[in-house]
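One structure is given below, encoded as structure tokens.
The values are calculated or read from the model by the stated rules, or taken from the named source; none is laboratory data. Computed from a prediction, not measured in an experiment: that's the story for all the values here. Here the Cβ positions follow ideal geometry from the backbone for every residue, glycine too, while neighbour counts run over all protein chains shown.
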Amino acid sequence: MTYLASRMSSVGASPTAAISDTLRRLAAEGKSVINLGEGELDFATPDHVCEAGIAAIRGGQTKYTAVSGTPALKEAIARKFARENDMAVPVSQIIAGAGAKQLIFNAFLATLDAGDEVLVPAPYWVSYPDMVSLAGGTPIIVPTGAETGWKLTPQALAGALGPRTKWVILNSPNNPTGAVYTAAEIQALGDVLADHTALIMADDIYEHMVHEVPFTAPATALPDLAERILTVNGVSKGYSMTGWRLGYATGPAWLISAMDILQSQNTSNPSTVSQAAAIAALDGDMSFVDGWRDSLRARRDRLVKAIGAIPGLATDVPPGAFYVFADCTGLIGTRRPDGTRIASDVDVAEYLVSDVHVGTVPGTAFGTPGYLRLAYAIDDVLLSEAIDRITAAVAKLEPASLVSS
Ligand SMILES: Cc1ncc(COP(=O)(O)O)c(C=O)c1O
């Protein structure tokens with residue numbers, strides 16, 4: 001008798017699990033660990049947002065709400081889409097959930113049958129392929145490269161679309177590369193998609209974390225395809241509210257309704273307190289984000305410059321999100337001071353954890369071996385310290401050219 005359902009065999013063990021375990025063990029031993037692996041900002045949730053959450057608790061907003069969120073929240077979300085994305089969205093086509101993650105998962109669960117394919121451009125957010133598999137679909141990984149700025153090209157899209165393609169994922173700004181699609185680039189992809197029936201999953205969660213390239217929502221750039229686009233967003237990244245678990249989505253009425261039914265049978269409404277806080281976030285003054293962006297850009301530039309000076313590492317300047325996706329192939333083939341050969345990006349990440357207690361995520365986790373993702377949304381002092389430690393650790397590696405095989 002096997003107790004675990006067969007669907008569990010479709011979810012792979014995370015390539016980052018060993019690194020996370022080591023980080024936790026080192027921290028428990030009292031070692032000074034610096035984690036550049038986390039996908040969240042170090043900034044506090046803004047005060048006015050926290051106050052709205054506290055007022056909601058004190059005012060008795062502690063009970064169930066409609067599954068898809070309160071009318072007040074959905075109206076605030078509709079105002080946000082109108083104001084920031086030039087999207088006119090009826091409240092009936094909006095759903096709020098426990099994070100963008102839940103909404104993406106429910107969208108797949110609501111639509112995928114065995115044999116249905118989802119195009120996942122790589123590097124991808126780690127959860128997409130597993131979510132597709134858990135929902136019974138087949139993830140089709142479409143590689144992108146540094147030479148196209150880590151962006152899906154119309155040619156690659158056209159080559160990957162097939163009769164069973166049900167979804168195409170567009171994640172801009174991208175986790176892990178920081179790539180941001182321009183309006184023209186989205187329109188060029190839209191031209192290809194216009195001849196197909198696939199749905200488009202627009203994961204806009206890093207919308208506010210852009211520097212050189214302005215953010216364009218796929219739904220804004222492709223109004224003719226609006227009936228096939230699910231726009232997913234949330235307050236996690238833009239307002240530093242990862243722990244509040246509040247995401248939202250808009251799309252065709254039939255899909256939002258199906259996601260509502262699924263949500264009604266698992267979590268019901270997202271936290272009532274978080275909904276009240278999200279209204280304050282969405283309706284409130286956003287000028288604080290300019291300060292966050294300035295600070296993030298300064299950290300990014302420092303990290304990019306430092307990586308450029310470390311032999312064996314290289315990176316372009318990522319225009320969005322808060323990650324640097326650094327090429328570490330120059331370190332593959334080197335040897336650690338203990339003589340162990342570094343054979344992969346996973347080994348590089350493991351070496352940095354064990355030698356200098358700095359956590360990064362290997363590109364393998366995002367479907368793109370040979371890279372490391374370094375999140376720079378951490379305190380300036382810690383970032384400087386992490387840079388010093390990585391520089392020192394790499395300097396101790398015996399270069400590949402000196403290594404006898
Ligand atoms: C690309 C991407 N989409 C979605 C999410 C999940 O966001 P949320 O906290 O709203 O569930 C993340 C979180 O890291 C992400 O990187």
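Among the residues of this structure, Arg302 counts as one that is away from the ligand (no atom under 14 Å from the Cβ), of a type outside the set (Val, Ile, Thr) and not assigned by TED's automatic domain parsing to the domain that holds Val192.
A search for C-beta distances below 9 Å between a residue of the stretch 258-276 that is closer than 22 Å to Val49 by Cβ and any residue that is of a type in the set (Lys, Arg), counting only pairs 6+ apart in sequence or on different chains, returns Pro270/Arg245; Ser271/Arg245; Thr272/Lys63; Ser274/Arg245.
Could you pull out the residue among Ala349, Ala278 that is within 30 Å of Tyr64 (Cβ to Cβ), crowded, with 18+ Cβ neighbours inside 10 Å and out of contact with any Lys or Arg (no Cβ under 6 Å at 6 or more places or on another chain)? From the options Ala349, Ala278, the qualifying one is Ala278. With respect to the conditions (1) out of contact with any helix residue (DSSP H, G or I) (no Cβ under 7 Å at 6 or more places or on another chain); (2) buried (at least 24 other Cβ atoms within 10 Å of the Cβ), Asp195 lacks only one, and its number is (2). One residue stands out among those in the stretch 352-374 that are part of a helix (DSSP H, G or I) and among the β-branched types (Val, Ile, Thr): the one that is surrounded by the fewest Cβ atoms within 10 Å (Cβ to Cβ), which is Thr364. Selection of first residues in the stretch 125-154 that are among the small types (Gly, Ala, Ser) and of second residues that are within 16 Å of the ligand (Cβ to nearest atom), restricted to Cβ pairs under 6 Å at least 6 apart or on distinct chains, gives the following pairs, ordered by first then second residue: Ala135/Phe108; Ala135/Leu109; Gly137/Val118; Gly149/Ala179. Scanning the stretch 117-137 for residues that are farther than 14 Å from Ala107 by Cα and either in a helix (DSSP H, G or I) or among the aliphatic types (A, V, I, L, M) (or both) gives Leu119, Val120, Ala122, Val126.
Checking each residue in the stretch 109-124 for being surrounded by fewer than 22 Cβ atoms within 10 Å (Cβ to Cβ) and either of a type in the set (D, E, K, R) or within 15 Å of the ligand (Cβ to nearest atom) (or both) picks out Asp113, Asp116, Glu117, Ala122.
Of the residues making up the stretch 288-342, those that are among the acidic types (Asp, Glu) and not in a helix (DSSP H, G or I) number 3. Quick check: anything in the stretch 75-83 within 16 Å of the ligand (Cβ to nearest atom) and within 27 Å of Trp167 (Cα to Cα)? Yes, that holds for at least one residue.
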